[in-house]
Amino acid sequence: MDVRELFLTLFYAGRFPKGPGTAGSAVALFLGLPILYFSANTLFLSALLIGLIAIRQIDIYEEQTQTHDAKHIVIDELVGMWMAMAIVGWSAVGIAASFVGFRLFDIYKPSLIGKIDAQVKGGLGVVGDDALAGICGGLCALAFTRLLDKLF
């Protein structure tokens with residue numbers, strides 16, 4: 001068993017044949033729920049720590065394979081997803097909205113997210129665009145949940 005592949009593919013979720021990014025995000029959501037239940041701050045800081053480790057491991061992988069941003073590498077989805085979840089906090093609607101928000105920003109890559117994806121090389125680019133997508137998705141999900149609170 002290759003520990004680096006296990007980490008980078010998020011327990012092989014990245015090997016899912018259809019939508020590996022969405023599969024990785026779903027696995028990240030379920031892995032993050034117990035941490036979020038106890039502390040959103042811990043979830044956010046864990047995302048940062050895993051992100052830093054992922055940057056280095058992705059750099060090593062890309063150097064060995066001469067590839068950039070391979071589709072099966074989904075540890076960056078965990079970083080973005082956990083950031084989005086930490087921003088919203090513990091609520092069913094918020095968690096669902098953070099998943100949708102993160103996926104939309106990650107797929108469409110508007111503005112600075114797309115620039116990071118296109119122009120920043122190596123692990124920093126792979127993780128950086130997802131981290132920013134997670135922050136943007138989390139903020140939108142938070143705004144959505146606050147709007148729902150005001151309306152209902």
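The values are calculated or read from the model by the stated rules, or taken from the named source; none is laboratory data. Just so you know, these numbers come straight off a predicted model, no measurement behind them. As a convention, Cβ positions derive from the backbone with ideal geometry for all residues, glycine included, and neighbour counts pool all protein chains shown. Just the protein is used for accessible areas: all its heavy atoms, side chains included, with ligands, DNA and RNA removed. Shrake-Rupley method; radii C 1.70, N 1.55, O 1.52, S 1.80 Å.
General observations
- Among residues of region 2-12 being over 13 Å from the mean Cα position of the chain (by Cα) and at negative phi, the one that is most open to solvent (accessible area, probe 1.4 Å) is V3.
- Across region 67-116, the number of residues qualifying as over 14 Å from L132 (Cβ atoms), β-branched (V, I, T) and assigned to a helix (DSSP H, G or I) comes to 5.
- Residues (hydrophobic (A, V, I, L, M, F, W, C) and buried (at least 20 other Cβ atoms within 10 Å of the Cβ)) located in region 119-130: V126, V127
- Which numbered condition L29 fails, given (1) more than 13 Å from the chain's Cα centre (by Cα); (2) touching a residue at least 12 places away in the same chain (Cβ under 8 Å): (1)
- Long-range neighbours under 7 Å by Cβ, at least six apart or interchain, first residue more than 16 Å from V88 (Cβ to Cβ) within region 42-62, second open to solvent by less than 60 Å² (accessible area, probe 1.4 Å) and among the acidic types (D, E): A54/D76
- Of the residues making up region 1-14, those that are in contact with an Asp or Glu (Cβ under 9 Å, 6 or more places away or on another chain) and either in a loop (DSSP other than H, G, I, E, B) or among the basic types (K, R) (or both) are L10, Y12.
- Residues considered: L147, L139. Of these, the only one that is of a type in the set (A, V, I, L, M, F, W, C), more than 23 Å from L45 (Cβ to Cβ) and open to solvent by 40 Å² or more (accessible area, probe 1.4 Å) is L147.
- Of the candidates L6, L31, the single residue that is closer than 20 Å to D106 by Cβ and at pLDDT 95 or above is L31.
- Conditions (1) in contact with a Pro (Cβ under 7 Å, 6 or more places away or on another chain); (2) open to solvent by 40 Å² or more (accessible area, probe 1.4 Å); (3) among the aliphatic types (A, V, I, L, M): number failed by V74: (2)
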